[in-house]
1. Which of (1) touching a Leu at 6+ places or on another chain (Cβ under 7 Å); (2) within 25 Å of Phe114 (Cα to Cα) does Leu64 not meet, given it meets every other one?
2. For region 41-73, name all the residues that are among the charged types (D, E, K, R) and crowded, with 20+ Cβ neighbours inside 10 Å.
3. Kindly list, by first and then second residue, each pair from a residue in region 11-23 that is in contact (Cβ under 8 Å) with a residue 24 or more places away in the chain to a residue that is of a type outside the set (Asp, Glu) and open to solvent by 40 Å² or more (accessible area, probe 1.4 Å), limited to pairs with Cβ atoms under 7 Å and residues at least 6 apart or on different chains.
4. Across region 1-46, what is the number of residues that are part of a helix (DSSP H, G or I) and within 17 Å of Ile108 (Cα to Cα)?
5. Quick check on this structure: which one of Leu85, Leu37, Leu81 is within 13 Å of the chain's Cα centre (by Cα), without any contact (Cβ under 8 Å) to a residue 60 or more places away in the chain and surrounded by 13 or more Cβ atoms within 10 Å (Cβ to Cβ)?
6. Quick one: count up the residues across region 89-136 that are over 22 Å from Lys157 (Cβ atoms) and crowded, with 18+ Cβ neighbours inside 10 Å.
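The values are calculated or read from the model by the stated rules, or taken from the named source; none is laboratory data. Because the structure is a prediction, the values reported are computed rather than measured. No Cβ is skipped: glycine too gets one built from the backbone with ideal geometry, and neighbour counts run over all protein chains shown. Please note that ligands, DNA and RNA were not included when accessible areas were found on the heavy atoms of the full protein model with its side chains. Shrake-Rupley method; radii C 1.70, N 1.55, O 1.52, S 1.80 Å.
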Amino acid sequence: MNYSILSKKTHQLSSKEINAICMLKNTYWKYSMKSQLDWFKKNTKKTDIHNMFYFKSEIIGYTLLRNRSCKMNTIFKKYLLFDTLIIKKSFRKKKISSLLMNFNNELIKLNNKFSFLICEKKMINFYKKFNWETIEKKKFNILANISNKNGMIFNQKNFTKKNNFKLDFFYLK
C-alpha cells in the first residue's frame, strides 16, 4: 500500500501543504478557503505539530497537536492541545483514524507532555479506545469562548479522579 504519515511543525510546512490541509478540513467544516486559511494563520504557532496521513501524494487524514499552556492550581505546565482529527470521507471506516490516533499518542509521549482535547459526547468512546480519560467538567476550565464540551486527557500520570486540583487550559495561548 502507498500509505505514509508525515509529521511537521508549522514553520516547516509548505504553502501547498497548508492549502491541502485547509481543503481537507473544508470537506467537513464548510467555510470558505479564505476563512480556513485565516484560521490556520491566526491559530497555529510555529512549533505546533501537524500530522498528515498520505495515500500516495494526497493528504487523506490530519491531526493537529497545538503547543499550549495550562495552569494546575498555581503551577503552569506545557501541554499539547489535540485539535482536529479528520479523515477524507472516501477513506473512512478503513482504520486510518486508529493509525493516526496511535501515532499521536506516541508523539505526545515522546514530547514528554500530556494532551487535552474537547469533544462532543458522541466521540468520548472513540477516544477512550486510545487510553484517553474523561475529566469531570468541574475539574477543568477552558479559557476561551468554548462551552458545553467534554474534556479528555492523555498521558497525565498525576491526574486522577481523587485529586483536588483544577486545570485551567489556555486554549489560544
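1. (1)
2. Passing the criteria: Asp48, Arg66, Arg68.
3. His11/Lys46
4. 1
5. Going through Leu85, Leu37, Leu81 in turn, just one is within 13 Å of the chain's Cα centre (by Cα), without any contact (Cβ under 8 Å) to a residue 60 or more places away in the chain and surrounded by 13 or more Cβ atoms within 10 Å (Cβ to Cβ): Leu85.
6. 3
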